[in-house]
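Note sheet for the following structure.
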Amino acid sequence: PQRHVHALREERQDLAFDGAVPIFMNRIIILEFLHTLVNVPGANNRLEKFLWRVLRCNEMTAVLRVCTLWQTLITNPMRWLTGKASTELHDWGLDNSNEVLDLVYDSMVKVAADGHTLLDPSFDPLESIAAKQPKFATWRSDQLLHTVQAPDGTKHFVHARVLAEARSPAGSGNAQATEMVVALAEAMAEAALVAMRDPLRAIADKLTSQDGVNAIGKSETMHA
């Protein structure tokens, strides 16, 4: 059972990126709600107090910002490309999938060298794929135009707002965490590079930087 739980934790780490986005954008609202609970006379709920303390701390704010950026810029687009490979993409084969991995690898190199890269509005790891795949480009544009309606009727460009707040926050608490965001981004990117360069992992043989046997361009026949 322990091995099974460990395997599940390893395979579903993408959920941490998915979950970070709504928590990041609703953190202040969550804290306001928790504040009403922990200040009730006689209140002694351990979970409420734990969440109140954790969601206020600089470290958690930094984690949420970085994970939001990874999810928005890399993991969610990669998931779309993977899911649409056989139905929506033009002239797409194994080589193209490995090209995406090369682009992610190159992005990790840049972020590991300077975490500020992740905050740069011009940082667009999959821009070259969008230039060649019109439906992917359309999906990306639609994401930025997607709106949600607030209770007062105001519509907000939710995806664009999330990305802007994670990169250059207007909220003082989010802005305060920027130094830690940069350091954490560098550490996470370096950890990703260690994993991607590991010859015992399948991803290494798909990377041009590792001279992988399945790297893009290694097999024209396979692509055809």
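Assorted remarks:
- Label corresponding to Kirkwood radius over Cα pairs in Å when calculated from the structure given, among (i) 20.2; (ii) 19.7; (iii) 18.0: (ii)
- Modelled this way, with points 7 Å down the Cα-to-C-beta line, the labels at residue 90 and residue 205 are 3.3 nm from one another.
- Extended-chain gain in nm, criterion 0.36 nm per residue less alpha-carbon gap, residue 49 and residue 198: 49.5 nm
- For 57, 67, the ranking by accessible surface with the largest value first comes to 57, 67, using a 1.4 Å probe.
- Close Lys pairs in the chain (alpha-carbon distance under 24 Å; sequence gap of 8 or more, or different chains): 9.
- Shape parameters for the range 36-149, alpha-carbon atoms, Rg then Dmax in Å: 19.6, 65
- Global form of the range 147-221, assessed from the alpha-carbon gyration tensor, a/c cut-off 1.5: oblate
- Accessible area per residue was computed with a 1.4 Å probe on protein heavy atoms; residue 49 scores about 60 Å².
- Computed accessible area, residue 101, all protein chains, 1.4 angstrom probe, square angstrom: 30
- Ranking by accessible area, most exposed first, for 21, 148 with a 1.4 Å probe: 148, 21
- Judged by the ratio a/c of the largest to the smallest principal axis of the C-alpha gyration tensor, the range 97-173 counts as oblate, that ratio being 1.5 or greater while a/b is no larger than b/c.
- Shown is the FRET efficiency for residue 59 and residue 137, computed with R0 = 41 Å from the Cβ-Cβ distance and rounded to the nearest 0.05: 0.65.
- 59, 186, reordered so the largest accessible area comes first (probe 1.4 Å): 59, 186
- Accessible surface of the chain, 1.4 Å probe: 58 percent of it comes from carbon and sulfur atoms.
- Computed with a 1.4 Å probe on the full set of protein chains, the accessible area for residue 33 sits at about 130 Å².
The values are calculated or read from the model by the stated rules, or taken from the named source; none is laboratory data. Note that this is a predicted model, so its numbers are computed, not measured. With ideal geometry, Cβ positions are generated from the backbone for all residues, glycine too; neighbour counts draw on all protein chains shown. Areas reflect the complete protein model, heavy atoms only, side chains present, ligands, DNA and RNA absent. Shrake-Rupley method; radii C 1.70, N 1.55, O 1.52, S 1.80 Å.
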